[in-house]
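What follows is a set of notes on a single structure, which appears directly below.
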Amino acid sequence: MTDLTVEMRDLDEMVVVSGSGFGVEPEPLAWKLIFEFAALHGLEVGSGEHRFFGFNNPNPSPGIPEYGYEQWMTISADLEVDPDGPVVRKEIPAGRFAVTRFKGLSRITETWREFVGWFEESGLEPGTDWQECYEEMLNPVEQSPEEWEFELYLPVAAG
């Protein structure tokens, strides 16, 4: 096992807007869509009112530098989203997750690797959809990537 601190956490159902990017570095493309949506609707990104989850979609493939990234921002259920716009409104079901926290973008790959290793040794059963492995960015307005704080979420079977 690793030295990661892991806790079990239930996430409530969420309504989000989703922006997607694809390329060698798709994350900034997806974030740009979220920031533009927030600005258009007068939503304060750094207010603490919204949460920010992201994940690879589609995942990277060996030998292919391009992949996709989907970024979410939680919104109120009554906020209207243009169905023809650059972001999509989604309703995300509640779920149970194993969660760990770290700081610094340069550690994200290593921390995911350690976390998945921890999960495989934990005896926990995975949730029904491994696509639901999230990266929550806790301080999205911080400029320095090494000051970014993340929580990683791995879905756990209800039980």
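Any read-out appearing in this document is the output of simple, stated calculations on the displayed coordinates, not a laboratory observation. It should be emphasised that the depicted structure is a prediction, and the values quoted were computed from it without experimental measurement. As a convention, Cβ positions derive from the backbone with ideal geometry for all residues, glycine included, and neighbour counts pool all protein chains shown.
Mind running the shape call on the range 90-132? Use the C-alpha gyration tensor, a ≥ b ≥ c as the square roots of the eigenvalues: rounded below 1.5 for a/c, prolate if a/b tops b/c, oblate otherwise.
Details: a/c = 2.40, a/b = 1.29, b/c = 1.85.
Oblate, since a/c reaches 1.5 and b/c is not below a/b.
Can you report the principal axis dimensions of the range 6-156 using only the alpha carbons, biggest first, rounded to whole angstrom?
Computed over the Cα atoms, the extents are 45, 34, 28 Å.
Between residue 4 and residue 142, what is 0.36 nm times their sequence separation minus the Cα-Cα distance? Round to one decimal in nm.
47.3 nm
Quick one: which residues, 5 or more positions from residue 139 or on another chain, have an amide H under 5 Å from its amide H? H modelled 1.01 Å from N in the peptide plane, none for Pro or chain starts.
It is 149, by chain and number.
Counting other beta carbons within 10 Å of each residue's own, what order do 61, 18 fall into, fewest first?
Least to most surrounded, the residues fall as 61, 18.
On a 0 to 90 degree scale, rounded to 10, what angle separates helix 27-40 from the longest Cα axis of the chain?
Long axis of 27-40 versus the principal axis of the chain: about 40 degrees.
Please order 149, 44 by the number of other Cβ within 10 Å, starting at the fewest.
Ordered from fewest to most neighbouring Cβ atoms within 10 Å, 149, 44 come out as 44, 149.
Remind me, relative contact order of the chain in percent, using alpha carbon pairs under 8 angstrom and six or more residues apart?
30 percent
Let me know the charge dipole size of the chain about its Cα centre in debye, to the nearest 20, where only the beta-carbon of Lys, Arg (+1) and Asp, Glu (-1) is charged.
140 debye
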